[in-house]
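The values are calculated or read from the model by the stated rules, or taken from the named source; none is laboratory data. Fair warning: this is a prediction, and the values are worked out from it, not measured in the lab. Glycine also receives a Cβ, built like all others from the backbone with ideal geometry; neighbour counts cover every protein chain displayed. The protein model used for the area step is the full one, side chains on, heavy atoms only, and it has no ligands, DNA or RNA in it. Shrake-Rupley method; radii C 1.70, N 1.55, O 1.52, S 1.80 Å.
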Amino acid sequence: MFSLTVDEAAERLGVGRARIYQLIRCGGLSAEKVAKIWLVDDQSVEARRAAAPKVGRPIKNKSTKTTVKTYTLMNRTHEVLTFCYDDTVQTFLDAGEIVDAQRAPFGLVSPRGRSVSAKALEYWWKHRSIPRTRKGLESKLAQLGLEAAAQIPFKSLGLSLSDQYWVRPQDCVVEWSDINYFENDFTELSDEGDWLADVGLDSPDNTSEGELPKKWICKGGKRVLLKGGTVLGQEPYNEVVSTKLFERVLERDEYVPYRLRAGKGDPACQCECFVSSVEEYVPAYYVRQLMRQPNHRSDYQHYLDCCAELGVDEVDLALSKMIVCDDILGNTDRHWRNFGIVRNVETLECRIAPLFDTGTSLWCKATLGSFQAGDFSFATKPFYEDANRQLRLVNDYSWFDPDALDGFADEVAGVLGENPALADRVDYVCCAVQGRIDRIVRML
């Protein structure tokens with residue numbers, strides 16, 4: 001009897017909507033479409049539930065035959081290429097047909113658009129997976145009965161809220177409009193407690209990169225990312241401090257605003273998704289691979305050249321703003337994946353991505369002893385480790401208003417002071433921030 005909605009079928013099977021649509025298209029569940037709404041046969045759902053495998057890590061068996069599955073890599077509604085994945089040994093095989101090279105992930109297709117290596121696919125997918133170093137992942141893998149983190153994104157067809165890429169199984173007709181997370185709700189068991197609770201379900205958490213705890217939630221029709229911290233929980237407060245700085249010196253579209261999460265639980269901040277349902281975030285790591293870098297060309301100038309090739313304007317000015325703000329905040333983690341561009345996957349037009357992810361700043365990893373010794377040094381990224389040398393790359397301060405920073409150190413103290421664990425550090429951090437501001441002002 002076709003009486004269950006997709007949501008009801010998902011609840012019975014303990015999976016997400018995307019998985020139900022996949023099972024319908026592949027014949028795993030019987031269903032029919034009535035007035036544009038899928039109704040699922042309750043008997044097929046019960047049969048599926050009775051046949052579901054038990055949770056737990058599978059026993060290794062050398063005699064088990066290799067299982068190779070074929071997928072189509074999609075970019076929104078566009079077919080990009082086909083590839084094979086051996087789930088038994090978690091290995092990618094070389095891609096097959098390349099359908100749309102210009103909509104493939106940057107750096108994945110060879111320069112002439114003729115091939116994609118298994119190594120390139122594996123590297124790209126690795127950064128679409130939760131890093132093994134994230135706290136609690138090992139036990140989560142055991143709970144899911146998986147051997148590797150790279151297997152997790154397949155649970156939700158590789159869907160993300162950072163771009164429009166997803167994987168469609170062979171002979172399985174799945175529509176983008178039915179499964180994407182920009183327009184469809186997803187599993188969210190709670191916005192507090194276990195950060196990995198939704199991993200393995202129909203959730204964009206399956207493709208969340210980075211070591212800090214994080215999770216996506218649907219809130220008021222918006223997609224919101226929650227981020228936690230480490231031992232002292234300083235990182236969420238750092239994101240709020242960064243927002244306060246950006247509000248003073250940048251235009252609104254040049255940064256992603258963060259605020260502290262209200263309620264109980266460990267310290268956490270939240271921000272809205274900064275790409276639309278037709279856009280993808282492209283890290284600078286991939287942008288710089290657009291062209292070969294001449295030996296005499298600096299990383300900074302080469303990145304400018306690659307952006308110019310893509311038609312992105314005022315990148316030099318944007319980098320100047322990023323470098324100055326990171327310097328004031330003592331940011332040590334502006335690596336090549338933490339800034340970049342945003343590309344419209346339909347028009348292929350590009351723009352500069354707003355600044356985001358500044359949590360590892362404000363000397364959060366410095367010891368109290370180094371503060372007491374007057375050591376406020378820090379290593380920078382991405383162009384030079386020496387903060388002063390990187391600051392010298394900035395040749396345009398026309399946007400910078402020193403008066404806008406009056407009282408900023410006091411504002412830093414107010415935000416960090418909300419975290420009792422930072423009580424012994426706040427004054428030192430404020431002193432360091434003011435010192436960086438004074439140095440910049442002297443350079444003007």
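Quick look at the values:
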quantity: Per-q log10 I(q)/I(0), the range 319-444, q = 0.13, 0.16 Å⁻¹ (Debye; single scatterer per alpha-carbon; no solvent); calculated: -0.58, -0.85
quantity: Cα-based reach from K381 at 15 Å (exclusive), listing aspartates and glutamates while leaving out same-chain residues under 8 positions away; calculated: D299, D326, D327, D333, D357
quantity: Angle in degrees between helix 315-329 and the longest Cα principal axis of the chain, rounded to the nearest 10; calculated: 70 degrees
quantity: Loop sites in the range 392-444: trypsin sites (Lys or Arg not before Pro), DSSP, at most 16 other Cβ within 10 Å; calculated: R392
quantity: Local electrostatic count at A10 - Lys and Arg +1, Asp and Glu -1, tallied over other residues with Cβ under 11 Å; calculated: -2
quantity: Net charge dipole size for the range 63-169 [Lys, Arg +1 and Asp, Glu -1 on Cβ; Debye, nearest 20]; calculated: 280 debye
quantity: With DNA, RNA and ligands ignored, accessible area of D406 (1.4 Å probe; Å², nearest 10); calculated: 110 Å²
quantity: In Hz, Karplus ³J(HN,Hα) per residue of the range 101-109 (6.51, -1.76, 1.60; θ = phi - 60°; x = Gly, Pro); calculated: 5, 6, 9, 6, x, 3, x, 7, 8
quantity: Distant-in-sequence amide H partners of T91 (H built 1.01 Å from N, under 5 Å); calculated: D86
quantity: Hull shadow area, averaged, the chain [alpha-carbon convex hull, nm²]; calculated: 24.0 nm²
quantity: Amide H partners (placed H, <5 Å) of G28, local residues excluded; calculated: none
quantity: Distance violations [Cα-Cα > 29 Å] among K140/K227; K140/K244; K119/K321; K135/K219; K33/K227; K140/K222; calculated: K140/K244; K119/K321; K33/K227
quantity: Degrees between helix 299-309 axis and first principal axis of the chain (Cα, 0 to 90, nearest 10); calculated: 60 degrees
quantity: Two-site FRET efficiency, D424 against S3, from Cβ-Cβ distance with R₀ of 51 Å, rounded to 0.05; calculated: 0.25
quantity: Cα centroid of the range 201-272 to Cα centroid of the range 292-362, whole Å; calculated: 20 Å
quantity: In degrees, nearest ten, helix 17-26 long axis to first principal axis of the chain (Cα); calculated: 40 degrees
quantity: The chain - percent of accessible surface contributed by carbon and sulfur, probe 1.4 Å; calculated: 48 percent
